[in-house]
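Everything below concerns the one structure shown next.
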Amino acid sequence: MYPILEIDLGKLEHNAREIVKRCKARGIEVAGVIKGCSGIPECAAAIARGGCAYLASSRLGQLEAARRHGVELPFMMIRIPMLSEAAEVVRVTEVSLNSEAATLRRLHEEAGKQGRVHKVILMAELGDLREGVWDRRELLELALRTENEWKNLTLQGIGTNLGCYGSIAPTVEKMEELVRLAEEVERAIGRKLAVVSGGASTSFPRVMDENMPARVNSLRIGENILFGRDLKDLWGYDTHFLHSDVFVLKAEIIEVKTKPSHPVGEITFDAFRNRPAYTDRGLRRRALAAIGRVDYAWTEQILPRDAGVTVLGASSDHTILDIEEARRDFIVGDVVEFELCYGPAVFLSHDPDVRVVFTGGGNTPAPLSGEER
């Protein structure tokens, strides 16, 4: 039966609606990003019900599963497409993010074969050093070619990504830089762009602070909708309007013992090539939960819901908990619950050994098949 990933679809829809409402008040439409929950179709549908303008993912299979589930929003591909998947990108999505001439040309060719016109957003590199065009002349050249040469494409706008690799903050100055680039593109092509996409969840603080430049009219938001934790934990915002417990991990206790708190013997490396540091706190009551790092990766990002329980660490298949000061007396067979940050939820929602259960208006608590995942 365990481990279980419990997902409250009602809370998820609520979060989407709250984010959309705040963005809409600033003239910004939201592309709801579903990759943080591995595109589980029920989650995609809940996010769509929250009022998003697009449903977005970096994985075409996730978007196809959402379509099969009945989601009718236009779809956005938010990873630069591979040349080898250009035909599928055109077939599955209405718009994609791009930075390479070769990819744009291939999308144009495939759109022609399919009798479609595919929308593109050109990505500008503003310093985070993931995707995007750094050279401004190249950006203008791509815009002109998309506008005038690749007739099966429509240049919908330009966008950027900040905070995902280089940890660069989406400041007001960065957003103003993006707007200036959009205006340069507009002068080059002789018309106004429909979209200036100011980034992802990391850019939402500009909405909260009401200082997003007016021309930025689109954001691609996942974490704020799925978890709503980063705004509070990393940036100190009041997030009373969001549920942080949409996703709850439930794991079964398989051992409860009193043991030394410091390993005994010569310390070398753990199973993941690390040499951890340990604190000697004497004998402590400990519990093992039947789930491990292969399921969720980051021990520091699973958060016990029981007061007095601390995650000490994990191996591949065991999570080690300090329960010396726990408010309840754990025994073998008990279930321990954790709230989640973004990273662990990505792993857990993609794990075939973790059963997904829906609450808050969801469907029957049956495990998803590999295809549905």
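Taken together, the values in this text are just the output of simple stated rules run on the coordinates, not laboratory data. What you see is a predicted model, and the numbers here were worked out from it, not measured in a lab. Note that each Cβ is placed from the backbone with ideal geometry, even for glycine, and that neighbours are counted across all protein chains shown.
Compute the long axis of helix 9-24 from its Cα atoms, compare it with the longest principal axis of the Cα atoms of the chain, and write down the angle in degrees, 0 to 90, nearest 10.
Helix 9-24 sits at roughly 40 degrees to that axis.
What is the distance in Å between the Cα centres of the range 164-178 and the range 240-298?
The two parts, judged by their Cα centres, are 36 Å apart.
Rounded to whole Å and ordered largest first, report the semi-axes of the equivalent ellipsoid of the range 233-308 derived from its Cα gyration tensor (root of 5λ).
Sorted largest first and rounded, they come to 29, 17, 15 Å.
Rank by packing, highest mean first: peptides 91-97, 250-256, with packing defined as the count of other Cβ atoms within 10 Å averaged across residues.
91-97, 250-256
Using per-residue counts of other Cβ atoms within 10 Å, averaged over each peptide, order 262-273, 55-66 from highest down.
Packing proxy ranking, top to bottom: 55-66, 262-273.
Note down the nm distance, to one decimal, between modelled labels 7 Å out along Cα→Cβ at Asp317 and at His350.
2.2 nm
Evaluate the charge dipole of the chain about its Cα centre and quote only its size in Debye, nearest 20, assuming +1 on the Cβ of each Lys and Arg and -1 on the Cβ of each Asp and Glu.
720 debye
So how far apart, in nm, are the two label points at Asn148 and Glu173 if each is 7 Å from Cα heading toward Cβ?
Between Asn148 and Glu173, the label points sit 3.5 nm apart.
Rounded to two decimals, what is the ratio between the C-alpha radius of gyration of the range 56-115 and 2.2 N^0.38 Å?
Rounded to two decimals, the normalised Rg is 1.07.
Per q in 0.12, 0.13, 0.19, 0.20 1/Å, what log10 I(q)/I(0) does a Debye calculation on the alpha-carbon atoms of the range 1-154 return?
Log10 of I(q)/I(0), two decimals: -0.57, -0.66, -1.16, -1.22.
Subtract the Cα-Cα distance of Lys192 and Val117 from 0.36 nm times their separation in residues, and report this length gain in nm to one decimal.
Separation in residues times 0.36 nm, less the Cα-Cα distance, equals 25.1 nm.
Relative to the longest principal Cα axis of the chain, at what angle does helix 101-114 sit, 0 to 90 degrees, rounded to 10?
So the helix axis and the longest Cα principal axis differ by about 80 degrees.
Please report the relative contact order for the chain, taking Cα pairs under 8 Å with a sequence separation of at least 6, and give it as a percent rounded to a whole number.
Taking the mean separation of contacting Cα pairs over the length of the chain, I get 19 percent.
May I ask for the Kirkwood hydrodynamic radius of the chain, worked out over all distinct Cα pairs and given in angstroms to one decimal?
After inverting the mean inverse Cα-Cα distance, the result is 22.3 Å.
Return, for the Cα atoms of the range 6-86, the radius of gyration and Dmax in Å, separated by a comma.
12.6, 40
For Trp134 paired with Asn211, estimate the spin-label separation in nm (one decimal), with each label point 7 Å from Cα along the Cα-to-Cβ line.
Reported label-point gap for Trp134 and Asn211 is 2.8 nm.
Counting pairwise Cα distances across the range 154-279, what percent come out greater than 22 angstrom?
Result: 58 percent of Cα pairs exceed 22 Å.
Report, in listed order, any pair from Lys24/Lys232; Lys21/Lys119; Lys174/Lys232; Lys11/Lys151; Lys24/Lys192; Lys21/Lys174 with a Cα-Cα distance greater than 32 Å.
In this structure, Lys11/Lys151 lie more than 32 Å apart at Cα.
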